Amino acid sequence: MPSQGPESAVLTAPHTDTALPVPLRVRLRAHIAIMRLDHSIKNIFLLPGIAVALSLLHPRLRDVRLLPIGVGVLSVTLIACSNYVLNELLDAPFDRLHPHKCNRPAALGLVDSDAAYAQWLLMMGVGMTLAAWIGLHFAVAAFALWVMGCIYNIRPLRTKDITYLDVLTESVNNPLRMLLGWYMVTQVIVPPTSMLCAYWMLGCYFMGLKRFSEFREIGSQQGACAYRKSFEHYNERSLLGSVVFYAAMAMLMFGIFVVRYRIELILSFPFIALLMAMYFDLSFKDNSAVQHPEKLYREPSLMLTAIFTTIVMIVLLNVHVPMVGRIFTPSTW
């Protein structure tokens, strides 16, 4: 296989010195594949923003507008897919060194780079047009989501290659998605900072476990570093240590939100902790779904726990439980 610089986005067939002719049908399928439409399941991260906004605003059912929510989901999907296209292009040289990602279309040389860059910009443009229709706040958050994709992937910043910063910057997408869900419902008020920080740290927890699972899967430090530059300063111990930090920070921020805005949510803590523990355990599996969150539906016990926890939280957001307030009333010293 010819050597290629890591920054190269030139896509050639992996085992030849020249690009091979690719049938049009195969190339079209490849360009659809690099959009990673199966990752649209991540739009579920919009739901907490929608749910919390509705619970705090208490709008009448007839006042809830479904069209902005539908258009917003489409806008976020297009912008996220735009970022995935860029990611596939710039990561192709590295993906060829990964035991599973080497089969991605760009890594196999099935993607036309010029067409893919046009695809990247076109999807961003359409997504931002839809976002602007919803409102200024939503459009700003949507643009920030796209910019974070650029920061994460494009040199000279390319935070994907920087230890710890790779997790922190990629996980910013979590609070951005929460903001986007929020602004689908209202453009008037700003969501609580504590809630956004909790969502950010929870995203870091998930991403940290993804890095840990990837590191274990590759097996050797040298192989891991060849695939992902940020692994140069990671090891299993440091990755697990960072995961504990992210989990602690997430629960601290969530606790602040609960105390200030909805004390009933304290009853959901055991279920959230159980879900996080199950996810932690899952990261030790070979070729774990933790590395591929879009495949988490294949983990029925985790999915059932997540659904049950979500239902509990929605109920607690909307049902007043006076006893909880009395039990956790601050003591007078």
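See the values below:
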| item | result |
| --- | --- |
| Residue list for the stretch 277-309, filter: closer than 20 Å to Phe215 by Cα, among the hydrophobic types (A, V, I, L, M, F, W, C) and part of a helix (DSSP H, G or I) | Ala277, Met278, Phe280, Leu282, Ala289, Val290, Leu296 |
| Helices (runs of 4 or more DSSP H) within the stretch 56-163 that include 1 or more residues of a type in the set (A, V, I, L, M) and under 17 Å from the mean Cα position of the chain (by Cα) | 66-95, 136-153 |
| Checking Ala250 against (1) among the hydrophobic types (A, V, I, L, M, F, W, C); (2) closer than 22 Å to Tyr152 by Cβ; (3) over 19 Å from the mean Cα position of the chain (by Cα), the condition it does not meet | (3) |
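Quick note: the coordinates plus some simple rules give every number you see, no bench work behind them. Keep in mind the model is a prediction, meaning the values are calculated, not measured. Cβ atoms come from the backbone with ideal geometry, glycine included; neighbour counts cover every protein chain shown.
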